[in-house]
Structures are given as structure tokens and as C-alpha cells.
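Asker: The structure is given below, and queries will be raised subsequently.
The values are calculated or read from the model by the stated rules, or taken from the named source; none is laboratory data. Keep in mind it's a predicted model, so treat the numbers as computed, not measured. Quick reminder, even Gly has a Cβ in these numbers, built from the backbone with ideal geometry, and neighbours come from all protein chains shown.
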Amino acid sequence: MRLVALALALLSLGWGLGHGVRAVAAFGGAWTTVLALLWYWPRRAARSVRLERRMSPVVCEEDEIPVSFRLANSSQLPLLAPEIVDRFPPDRIDPRRAFVYPLLPGRRAARADYRGRSHGRRGPYRIGPARVRLSDPTGMFWAEWSEEESADLIVFPALETVDPPEVASRGRAPSFGGRTRREAGEGDLLLGVREYRAGDALRRIHWPTTAR
């Protein structure tokens, strides 16, 4: 659009030079008026912009964070492809950008979104403040509007999935790091009997069987 406006200006200037001083003066006055209106357009629109942010205040490391904006235009002038520029320190891509295409008509509101990711260290962060960049129809002049407050975000450690411990039978404590096994002569259950051998402990003798 800037190149088109420049080409039209040069063509008009050439036409004016070919038709005398009055034509050049008329051309200069007309283009001065046009440029003044284009310069005023985004500045007038910026005074009518309202921005609302919606995002979760807590997140875990390496999680995606959807950030949503509601952009309202209270003026009669349309906003041409407004761009929202937001500071997002936890992400490697900072700042983040969101757009409303192709335009936001007067007295209307629209939604713009982006997704950040918490690549930074755990802890508190300040997100924003976001800025809205506005331009005239030719893209030659820009104006910005910035929200007054930033948002708070707390990044917690990443969650890990832990397998539940094995629960031992007969009310015993769970075993960590290995399996339990039964051994002959221990506990209250009788697994079997054999002939007495020299050196066997007396507590391992099954006296009812011996008395038969």
C-alpha cells in the first residue's frame, strides 16, 4: 500500500507540473490534506480501543498456555488488521503477536489468540502489558495503544507420573524396589516337613508331626 500511495503521488505531481503552478499548488494542498487525514486515522482509532486479557494464572513447566484477548472498537472508524504485541517472558519467542484480520468494524469487538509455552524457569512472571498497533489504510502511519496493567503467572514444576506401589498381602507394608517371597520356616504358614538334620534350629521343628 505504501508503494501504491507513493506511485499515485508521483503521477499526480507529474500531472501538476505539466499544467502550471496553480495545478502544483492544488496538488500540494490536496496531498497535504490526505496525509494529515492518514496520520490522524490511527491516532483517533487508538483512543477508542479497549483490550481484555484471559489466561490461566498458573501453569506447569513445558505446558502450553492459551492467551486470549477481547479487542473492542468503540469508534466509528474501522481498525485495519490491528496487531496485538504481548510480552511473554516464560517463552523463547518474546514478544508474542496476535492479529485480527482483515479489519475490526466500528462499534464491534473481536477475539485474538496465541499460545505460549513455559520454557522458562519455574516461579512468578509478569505477562504484558500488551500493546495494540494500528495503521492507516495505506500503512504509512502507525499508532499504538498500551494496556495499563500486566498479568501475573506462576510456573510450577512439571508433573511426573508415578506408578502406585505394590500392596503386600496380609496387611503388611508395601514393598519398594523388589518382590517379597516366602521362605520355609518363617511366618505362620506350613509349607512342608522333612526329616530332622543336624544343625536345624529347634524353633523350625514341627512338634505335632514329630509326636505322631
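Asker: Show the residue pairs that are 6+ apart or on different chains and have beta-carbon atoms under 8 Å apart, the first residue being within segment 64-79 and β-branched (V, I, T), the second being loosely packed, with under 14 Cβ neighbours inside 10 Å.
Answerer: Qualifying pairs under 8 Å: I65/S56; I65/R115; V67/R54; V67/D113; V67/R115.
Let's see how each residue does on (1) surrounded by 10 or more Cβ atoms within 10 Å (Cβ to Cβ); (2) among the polar types (S, T, N, Q); (3) at pLDDT below 70; (4) in contact with a strand residue (DSSP E or B) (Cβ under 8 Å, 6 or more places away or on another chain):
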residue	(1), (2), (3), (4)
R111	yes, no, no, yes
G116	yes, no, no, yes
T138	yes, yes, no, no
I154	yes, no, no, yes
E160	no, no, no, no
V167	yes, no, yes, no
E183	no, no, yes, no
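Asker: Which is under 30 Å from S150 (Cβ atoms) and either of a type outside the set (V, I, T) or at pLDDT below 90 (or both), of L37, L13, L79? Full working, then the answer.
Answerer: On the way: L37 fails: under 30 Å from S150 (Cβ atoms); L13 fails: under 30 Å from S150 (Cβ atoms).
Criteria check complete, one pass: L79.
Asker: Got at least one residue in segment 96-106 being closer than 30 Å to V155 by Cα and hydroxyl-bearing (S, T, Y)? Outline the logic, then answer.
Answerer: First, pick out the residues of segment 96-106 that are closer than 30 Å to V155 by Cα: 96-100.
Within this subset, residues satisfying the condition of being hydroxyl-bearing (S, T, Y) are none.
The answer is no; no qualifying residue exists.
Asker: Identify, by number, the condition in (1) under 29 Å from P157 (Cα atoms); (2) touching a Gly at 6+ places or on another chain (Cβ under 8 Å) that E62 doesn't meet.
Answerer: Tallying (1) under 29 Å from P157 (Cα atoms); (2) touching a Gly at 6+ places or on another chain (Cβ under 8 Å), E62 fails exactly one: (2).
Asker: Residues L51, L77: which one is surrounded by 14 or more Cβ atoms within 10 Å (Cβ to Cβ), touching a helix residue (DSSP H, G or I) at 6+ places or on another chain (Cβ under 6 Å) and not in a helix (DSSP H, G or I)?
Answerer: Values: L51 fails: touching a helix residue (DSSP H, G or I) at 6+ places or on another chain (Cβ under 6 Å).
Among L51, L77, only L77 is surrounded by 14 or more Cβ atoms within 10 Å (Cβ to Cβ), touching a helix residue (DSSP H, G or I) at 6+ places or on another chain (Cβ under 6 Å) and not in a helix (DSSP H, G or I).
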